[in-house]
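First comes the structure, then the notes that go with it.
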Amino acid sequence: MLIDDDIDFLGNLSLQLDADLGYLLFDSTHKALSYLNGRQSNGVARGRFFSGLTNGHRELEPDRREPIELDVDALQREMHSSDRFSQISVALVDYAMPQMNGLEFCQQIQDPHVKKILFTGVATESVAVDAFNRGIIDQYIRKHEHAVYDTLNQAIRAFQREYIRDVFVSAADVFPINVPDILKEPAVGQLLERLRADRGLVEYYLANDPSGFVFADADGHTKRLVIQNRDERAREVQRARDAGAPASIVDGLAAGAIMLDPGSAVYHELNWSVHTAPAAELVDSTDSLRWSLFETPATQAGMQPRPSYNEFLEWLDTVGYSLM
């Protein structure tokens with residue numbers, strides 16, 4: 001969210017943002033606050049992803065501490081939510097505006113996790129420093145500083161990551177959550193980040209049977225990341241053996257050298273060589289994990305995100321100025 005009473009400045013600013021960043025423009029602080037504070041609260045929204053919660057609240061007695069389970073099916077259904085990209089994570093606001101100044105605006109934002117960047121001039125730098133020290137804003141950027149737009153783009157991306165982290169860390173602070181083992185493994189996080197950067201992937205969702213993730217790129221094309229531990233490899237070997245797989249396939253699965261396509265549920269009908277892929281060791285794993293990445297056929301409609309992120313950006317192009 002970009003807020004400035006100078007429409008020309010807003011228009012120029014939007015042209016300097018990275019092309020894959022989604023944003024809304026407001027030239028009115030009142031309109032911006034109404035939009036931002038009118039959104040569904042994060043507490044309610046994240047409750048959809050946990051079993052044992054209804055509308056973000058625990059169904060059990062308040063003093064009971066049974067762990068809550070992540071609802072993996074609900075996470076994957078999020079791929080079809082048209083609103084999943086729309087949560088405001090960063091507010092960039094000018095300091096000097098007629099209705100209220102930027103600090104007054106920041107103090108009225110109800111979502112405590114929204115990251116706040118103040119655009120300031122030389123005359124108000126001391127005010128910005130004081131606001132930062134008091135925790136009213138998360139960063140201030142001088143409008144006329146060198147490489148200001150590079151600084152801004154980097155700050156937005158860093159704060160987006162912090163926002164997502166803070167929202168779900170706060171959930172863990174409130175509720176005891178049974179975290180799947182795959183999310184406790186630091187090497188898995190490193191792999192996700194590497195795949196995201198190398199392959200242009202913008203979404204990923206936890207998956208079960210087999211364990212791993214569903215990835216999507218900006219155009220909505222999906223891939224299935226499978227991550228196996230020793231026990232899961234042993235079960236896959238047994239299923240393949242029971243289905244009459246060739247010895248070379250069984251041996252490769254047992255050695256962790258290959259994996260079977262997770263979309264191939266009927267093993268006895270498989271063309272085994274076509275439906276396997278090389279598996280790689282997850283370096284620095286504590287549980288001898290192996291992983292492989294599979295294409296997801298377009299025929300698996302339930303695995304195709306709607307809308308895609310690029311479709312969302314196209315939609316923003318039509319409404320980004322209409323809210324001003």
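Couple of notes before you dig in:
- Straight-distance candidates among the aspartates and glutamates for linking to Lys223, with alpha-carbon spacing under 12 Å and chain neighbours fewer than 8 residues away dropped: Glu203, Asp261, Glu295.
- Sorting Thr29, Thr124 by solvent-accessible area of protein heavy atoms yields Thr124, Thr29, largest first, with a 1.4 Å probe.
- Cα-centre dipole for the chain with unit charges at Cβ (Lys and Arg positive, Asp and Glu negative), debye to 20: 460 debye
- Debye-formula intensities of the range 129-206, expressed as log10 I(q)/I(0) at q = 0.13, 0.14, 0.16, 0.26 Å⁻¹, are -0.65, -0.73, -0.88, -1.30 (one equal scatterer per alpha-carbon, no solvent).
- Averaging 1/r over every pair of different alpha carbons in the chain and inverting the result gives a Kirkwood radius of 22.5 Å.
- Estimated FRET transfer efficiency (Arg199, Asp317; beta-carbon r; R0 25 Å; 0.05): 0.50
- Between Ala254 and His221, the FRET efficiency estimated from the beta carbon spacing at R0 = 30 angstrom works out to 0.40.
- Taking a Cβ cut-off of under 11 Å around Met259, the surrounding Lys, Arg, Asp and Glu residues balance to a net charge of 0, with basic ones at +1 and acidic ones at -1.
- Gain in span if fully extended, Asn37 to Arg241, counting 0.36 nm per residue against the direct Cα distance: 67.7 nm
- Charge-dipole axis of the chain as Lys and Arg at +1 and Asp and Glu at -1 on Cβ define it, positive-most pick from Pro180, Thr151, His113: Pro180
- Averaging over all projection directions, the Cα-based convex hull of the range 190-262 occupies 5.5 nm² in the image plane.
The values are calculated or read from the model by the stated rules, or taken from the named source; none is laboratory data. The model shown is predicted, which means the values in this text are computed figures rather than measured ones. Ideal geometry is used to build each Cβ from the backbone, glycine not excepted, and the neighbour counts take in all protein chains shown. Protein only, heavy atoms only, side chains kept; ligands, DNA and RNA dropped before computing areas. Shrake-Rupley method; radii C 1.70, N 1.55, O 1.52, S 1.80 Å.
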